[in-house]
1. Through the Karplus equation 6.51 cos²θ - 1.76 cosθ + 1.60, θ set to phi - 60°, convert the phi angles of the range 9-15 into ³J(HN,Hα) values in whole Hz; use x for Gly and Pro.
2. Go through the range 162-178 residue by residue and turn each phi into a ³J(HN,Hα) via Karplus (6.51, -1.76, 1.60, θ = phi - 60°); whole Hz please, and just put x for glycine and proline.
3. Taking θ = phi - 60°, what integer Hz values does the Karplus form 6.51 cos²θ - 1.76 cosθ + 1.60 yield along the range 64-71, in sequence order, with x for Gly and Pro?
4. Please compute the net charge surrounding GLY85, taking Lys and Arg as +1 and Asp and Glu as -1 over other residues with Cβ under 14 Å from its Cβ.
5. Run the numbers for LYS163 and GLU68: contour at 0.36 nm per residue of separation, minus the present Cα-Cα distance, in nm.
6. Per 0.36 nm of contour for each residue apart, how much would the distance between SER97 and HIS53 grow if the chain were fully extended, relative to their Cα-Cα spacing?
7. Taking the simple approach of a point 7 Å from Cα along Cα-to-Cβ for both LYS104 and ARG155, what is their distance in nm?
8. Between SER16 and GLU60, what is the spin-label point distance in nm, taking each point 7 Å from the Cα along the Cα→C-beta axis?
Amino acid sequence: MFMKRLDENQPAIGFSLTDYRGRKITLSNYQGKKVLLSFFRAASCPFCNLRVHQLIKHYEELKEHNIELIALFASSGEEILEYAGKQDAPFPIIPDSNLELYKKYGVEQSRPAMFKTMMRPVKMMRMMFSGFFNIKSLKEEPIVPADFLIDERQRIYRAYYGKDFGDHIPLDTILTWGKS
């Protein structure tokens, strides 16, 4: 069972994990920096890969706003390499196939969120023609994405729990926060 959702102004839950490239990523090493911590579904998820593509595309702009990115996938390192890793993101992507950090951050699973996603035709069409669609993603757990804006003091500035498989905190919200 997943823990309850986290709220703004709570201390971020620390971790020290290895990304899919073998680099040790420790949240406390980001003290003094703003961090976007993004929890994705499985590495084969086309909605997730669209978001990773968007973050890569805006990576320099996010860095200019002093925002560091850390992504997690509910997948093994090998699966990340096979799917999301092909995009060669300039930020760490951490495998968490046992959902250990997902549970600590209250990231949820929801079949209704899956159906809600299917009821959004524009989102579904974008995903179908994105080049990221694959049949494997249909069999994955119904994890709903979540994003956390963590401030320089390692406190949660904003906790954003998605409502469907493609729902992430808007990029404009992240950039506005970076300017503050």
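Where a number appears in this text, it was derived from the coordinates with a stated rule and is not lab data. Just so it is clear, the structure is predicted and the values come from calculations on it, not from any experiment. Cβ: placed from backbone, ideal geometry, glycine included. Neighbour counts: every protein chain shown.
1. 6, 7, x, 5, 7, x, 7
2. Once rounded to whole Hz, the list reads x, 9, 8, 5, x, 9, 10, 4, x, 4, 4, 4, 5, 5, 4, 4, x.
3. For the range 64-71, the Karplus-derived couplings read 4, 8, 6, 10, 8, 10, 9, 10 Hz, x marking Gly and Pro.
4. Details: positive: ARG21, ARG23, LYS86; negative: ASP19, GLU78, GLU79, GLU82, ASP88.
Once all neighbours under 14 Å are counted, the net charge is -2.
5. Details: separation 95, 0.36 × 95 = 34.20 nm, distance 2.41 nm.
Contour length minus the Cα-Cα distance gives 31.8 nm.
6. On the way: separation 44, 0.36 × 44 = 15.84 nm, distance 2.14 nm.
Stretched out fully, the SER97 to HIS53 stretch lengthens by 13.7 nm.
7. Those two pseudo-labels are separated by 2.0 nm.
8. Going from the SER16 label point to the GLU60 one covers 3.5 nm.
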